[in-house]
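A.B. asks: Here you go, one structure.
The values are calculated or read from the model by the stated rules, or taken from the named source; none is laboratory data. For clarity, every value in this text was computed on a predicted model and none was experimentally measured. Cβ placement follows ideal geometry from the backbone for every residue including glycine, while neighbour counts extend to all protein chains displayed. Just so you know, the surface numbers come from the protein's heavy atoms only, side chains and all, with ligands and any DNA or RNA stripped out. Shrake-Rupley method; radii C 1.70, N 1.55, O 1.52, S 1.80 Å.
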Amino acid sequence: MVYAVTEFPDMERSEASQPVLSILSHPRVIIALLTATMGAYSIGTVEATLSPFLEHLGLDVKMIAIAFLVMSFFSVVATPFFGWICDGKVSPWAVSCCGCVFMFICFAFLGPVPYLTFFSPNLYTVCGSLVAQGFGCAAVLVASFGSAQLAAVTAGLPDSLEVQSVVSGLFTSSFALGNFCGPTVSGILYDAVGFNYNCLILQGLVIIVFIFNICTFLLTPTTKTVSKPDVLSSHSYQLTDRPDRPDLLPMDITTRGRSFSADQLTRSEDTRSEDTRQL
C-alpha cells in the first residue's frame, strides 16, 4: 500500500557496483555513522541500566514503566519533527549537534553525574531527563542518516540508487552495533563503577561526537554554485569535411554531448539578433 501511494523521486541507476570500502573512505560518512552508533548506544544503555537504577531509588514496577514510556513517547513525537527540519530546512549536521546537547543534558541529571553531587534524583527529574533523551536520540538518529547520504553525494559519489542503498545498509549496521554495545558495555560498567559514572562516560562520548559534527558542519560548504555556460560560447568544434580549412564553419558542433548542425547554429544566431533588435 505504501509503495502504491508514495511518489518516489527519480534516481540514477548505474550498472557498476558501489563497493562499501569506497564509501567508508570518506571521513564525513564515517562521522555520520559514528553518530548513529552513539545514538543507538545511548538507547541501549538506558534500556539495560535504568531499571535497576530506578529500583535502587525505591520505585515500583508501574513507575519504572512510566519512565520508559516517557522516553519512547517523546522519541516517537520528535522523530517526524526532526525529519521535517532536516528536509531542506536545516543542515542535518546542525540537527545532530542539537541532539547531542539534549543527550548531554539528559545524562547530566539522570544519574546524576558525579560532579552534581548536590542534586538528588527522583521520578520527576528522571522523567524530565528522559524527555531530553527522547528528543536527543530522535534528532541524532534522523540527522545522522541524512548526513551519511549527504556526505556520500558531496564526496563525489553519484546520487544513484546503488549508493543510497549502500549508505542505508551501513547506517543499519552502525545502529545495530550501537544497540549491541550499549547493553553489553554499559552493563559491565554499571557493575564496575555504578550508574553515575556510566552517565559520565556517556557524556564524554556525546562530547566527542558533538565536536566531530560541529567541525563537519562548519567546514561543509552550504551552497554550491553551478555555472550554466552559454551554448555557443562553450563548444568544441569538429571539422568533418575540410580539416585543412579551419576558417570554414564546421558542419558538426558538439556541446556537452549534443550535436548541432551549421543550419541550427545559424538559425540560433538569427534569433538572437532579432531579439536584440526588439530590445
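A.B. asks: Somewhere in region 35-44, is a residue out of contact with any Asp or Glu (no Cβ under 8 Å at 6 or more places or on another chain), without any contact (Cβ under 8 Å) to a residue 40 or more places away in the chain, surrounded by fewer than 22 Cβ atoms within 10 Å (Cβ to Cβ) and part of a helix (DSSP H, G or I)?
C.D. replies: No, region 35-44 contains no residue that is out of contact with any Asp or Glu (no Cβ under 8 Å at 6 or more places or on another chain), without any contact (Cβ under 8 Å) to a residue 40 or more places away in the chain, surrounded by fewer than 22 Cβ atoms within 10 Å (Cβ to Cβ) and part of a helix (DSSP H, G or I).
A.B. asks: Applying the selection to region 197-206, what residues are touching a residue at least 40 places away in the same chain (Cβ under 8 Å) and either outside any helix (DSSP H, G or I) or open to solvent by less than 60 Å² (accessible area, probe 1.4 Å) (or both)?
C.D. replies: Across region 197-206, the qualifying residues are 198, 199, 202, 203, 206.
A.B. asks: Could you check, for region 232-251, whether at least one of its residues is surrounded by 12 or more Cβ atoms within 10 Å (Cβ to Cβ) and at pLDDT 50 or above?
C.D. replies: No, the conditions are met nowhere in region 232-251.
A.B. asks: Return the residue satisfying two criteria in turn: it lies in region 87-114 and is in contact with a Phe, Trp or Tyr (Cβ under 7 Å, 6 or more places away or on another chain) and not in a loop (DSSP other than H, G, I, E, B), and of such residues it is farthest from residue 29 (Cα to Cα).
C.D. replies: 109
A.B. asks: Kindly list the number of the only condition in (1) touching a residue at least 60 places away in the same chain (Cβ under 8 Å); (2) in contact with a Ser or Thr (Cβ under 9 Å, 6 or more places away or on another chain) that fails for residue 131.
C.D. replies: (2) is the only condition that residue 131 fails.
A.B. asks: Anything in region 153-164 that is among the polar types (S, T, N, Q) and closer than 19 Å to residue 92 by Cα? List them, or say none.
C.D. replies: Correct list: 154, 164.
A.B. asks: So, in region 84-106, of the ones that are surrounded by 22 or more Cβ atoms within 10 Å (Cβ to Cβ) and among the aliphatic types (A, V, I, L, M), which residue ends up farthest from the chain's Cα centre (by Cα)?
C.D. replies: Out of the qualifying residues, it is 103.
A.B. asks: List pairs: first residue in region 143-156 and closer than 12 Å to residue 31 by Cα and open to solvent by less than 10 Å² (accessible area, probe 1.4 Å), second residue at pLDDT 90 or above and of a type in the set (D, E, K, R) anywhere in the structure, Cβ distance under 7 angstrom, at least six positions apart or on different chains.
C.D. replies: 151/28
A.B. asks: Among what's in region 46-83 and is part of a helix (DSSP H, G or I) and farther than 17 Å from residue 134 by Cα, pick the residue that is least open to solvent (accessible area, probe 1.4 Å).
C.D. replies: Of region 46-83, the ones part of a helix (DSSP H, G or I) are 46-56, 61-83.
Restricting the remaining residues to those that are farther than 17 Å from residue 134 by Cα gives 52-56, 61-63.
Working: 52: 46, 53: 15, 54: 0, 55: 115, 56: 149, 61: 119, 62: 152, 63: 59 Å².
That would be 54.
Yes/no per residue for (1) basic (Lys, Arg); (2) part of a helix (DSSP H, G or I); (3) open to solvent by 40 Å² or more (accessible area, probe 1.4 Å); (4) closer than 26 Å to residue 83 by Cα:
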| residue | (1), (2), (3), (4) |
| --- | --- |
| 116 | no, no, no, no |
| 120 | no, no, yes, no |
| 130 | no, yes, no, yes |
| 139 | no, yes, no, yes |
| 158 | no, no, yes, yes |
| 167 | no, yes, no, yes |
| 170 | no, yes, no, yes |
| 178 | no, yes, no, yes |
| 184 | no, yes, yes, no |
